[in-house]
Amino acid sequence: MKNLLKEKMKQNKKTVGTFFSIGSSEAVEALGIAGMDYVILDKEHGPYGVETVQQYIRAAERRNITPLVRVKDFSRPSILKVLDVGAQGIIVPMIRTRQEVERVVEYAKYYPMGRRGVALTRASDYGDIESLEEYFRDANQNTLVLPQCETRECVENLDAILDVEGVDGIFIGPYDLSQSYNKPGKTSDPEIQDIIDMVLEKCKKHRKYAFIFAPDKKTASGYFKKGFDSVAVAMDILLYIETLRDIANMPR
Ligand code: 3PY
Ligand code: MG
């Protein structure tokens with residue numbers, strides 16, 4: 001299956017997504033109908049199991065919004081299972097070293113790039129395909145691999161991490177990053193912003209995509225101006241609450 005997000009990014013289009021937390025197939029559809037480029041199904045902090053993620057992926061496919069999954073860790077089953085049910089990319093939290101990223105690529109990409117486990121799952125139409133070789137090649141090309149830069153160690157090892165073949169880009173987690181520099185939650189602190197700028201610069205130097213999380217549209221707009229390729233803005237449930245609060249408080 002074509003990865004619409006990857007296609008847009010190859011054409012240098014800037015993209016937006018959001019972290020999913022409302023939790024229903026209808027809510028995933030709503031994000032697609034609204035025109036968001038991708039939805040992040042969050043298995044790190046969210047309550048979803050693989051079966052639920054599979055339902056949300058179906059809804060995303062139906063509405064042409066790219067389903068990414070933030071995996072809960074970088075173990076083989078965590079990565080393999082969400083790709084097998086159809087995730088078009090993974091965001092991998094708390095990465096610290098190049099070796100960890102090499103393992104991620106090994107689990108996420110088929111031979112020769114990696115050693116992703118071979119099985120006839122939903123991702124390969126349950127094996128109802130003309131050519132297995134073609135499927136392996138397409139899957140390797142289409143599956144986005146985005147390690148998160150949100151620790152001091154990751155910042156220190158960033159050049160080596162960006163050098164790993166199979167890494168499409170870096171997803172900055174400003175909140176964990178600020179904590180890692182002993183400034184929890186102070187994401188606009190000049191020291192944290194300088195680190196963010198440096199990570200962005202390194203992504204550009206290595207010709208890899210730079211993604212970041214922003215809590216609101218204004219912050220997201222600032223990141224786009226700096227040159228980020230993609231911003232994941234807020235969580236859908238927060239946007240829902242804000243809109244509803246606005247209505248609840250309307251003059252009457
Ligand atoms: C963080 O800010 O730590 C995140 O992981 C947000 O995506
Ligand atoms: Mg984080």
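The values are calculated or read from the model by the stated rules, or taken from the named source; none is laboratory data. These numbers were taken from a predicted model, which means no experiment stands behind them. Quick reminder, even Gly has a Cβ in these numbers, built from the backbone with ideal geometry, and neighbours come from all protein chains shown. Side chains are part of the model used for accessible areas, which takes the heavy atoms of the whole protein and leaves out ligands, DNA and RNA. Shrake-Rupley method; radii C 1.70, N 1.55, O 1.52, S 1.80 Å.
With a point put 7 Å past each Cα toward its Cβ, work out how far Arg152 is from Glu29 in nm, to one decimal.
4.9
Sequence-distant or interchain residues sharing an amide H contact under 5 Å with Lys109, placed H: which?
Arg115, Arg116
Cα-Cα over 20 Å: which of Lys6/Lys218; Lys14/Lys204; Lys2/Lys205; Lys14/Lys183; Lys2/Lys225?
Those over the limit are Lys6/Lys218; Lys2/Lys205; Lys14/Lys183; Lys2/Lys225.
Whole-Hz Karplus ³J(HN,Hα) for the stretch 139-154, in order, using 6.51 cos²θ - 1.76 cosθ + 1.60 and θ = phi - 60°, x for Gly and Pro?
My calculation for the stretch 139-154 gives 4, 4, 6, 8, 7, 7, 10, 10, x, 8, 9, 8, 9, 4, 4, 5 Hz in order.
How much solvent-accessible surface does His206 expose, in Å² to the nearest 10, with a 1.4 Å probe and all protein chains in place?
Answer for His206: close to 40 Å² accessible.
Between the stretch 124-148 and the stretch 41-117, how far is it from one alpha carbon centroid to the other, in angstrom?
13
If you plug each phi of the stretch 23-29 into the Karplus form 6.51 cos²θ - 1.76 cosθ + 1.60 with θ = phi - 60°, what whole-Hz ³J(HN,Hα) values come out, in order, with x for Gly and Pro?
In residue order, the calculated couplings are x, 7, 4, 5, 5, 5, 4 Hz.
Could you tell me the ratio Rg/Rh of the stretch 79-119? Both radii from Cα atoms, Rh via Kirkwood.
Here the Rg-to-Rh quotient is 0.97.
Bins of 10 Å, beginning at zero and ending with the bin holding the largest distance: percent of Cα pairs per bin for the chain, please.
7, 32, 37, 19, 4, 1, 0
Skip the ligands, DNA and RNA, and give the accessible area per residue of the stretch 1-156 with a 1.4 Å probe, whole Å².
Result: 47 Å² per residue.
Positive end of the charge dipole of the stretch 143-252 (Lys, Arg +1 and Asp, Glu -1 on Cβ, about the Cα centre): tell me which of Pro184, Val167, Asn157 has its Cα farthest that way.
Pro184
Whose amide H sits under 5 Å from the amide H of Gln148, counting only residues 5 or more places off or on another chain, with H placed in the peptide plane?
Residues meeting the amide H criterion: Val92, Met94, Ile95, Phe171.
If the chain between Thr243 and Glu130 were fully stretched, how many nm would it gain, using 0.36 nm times the residue separation less the Cα-Cα distance?
The Thr243-Glu130 span can extend by a further 35.9 nm.
Which value, in debye to the nearest 20, describes the size of the charge dipole of the stretch 82-152 about its Cα centre when Lys and Arg Cβ atoms bear +1, Asp and Glu Cβ atoms bear -1, and nothing else is charged?
500
For the stretch 4-21, just list the computed ³J(HN,Hα) in residue order, Karplus coefficients 6.51, -1.76 and 1.60, θ = phi - 60°, integers in Hz, with x standing in for Gly and Pro.
Once rounded to whole Hz, the list reads 4, 5, 5, 4, 5, 5, 4, 8, 6, 7, 7, 10, 10, x, 8, 7, 8, 9.
Whose amide H sits under 5 Å from the amide H of Phe74, counting only residues 5 or more places off or on another chain, with H placed in the peptide plane?
The answer is none.
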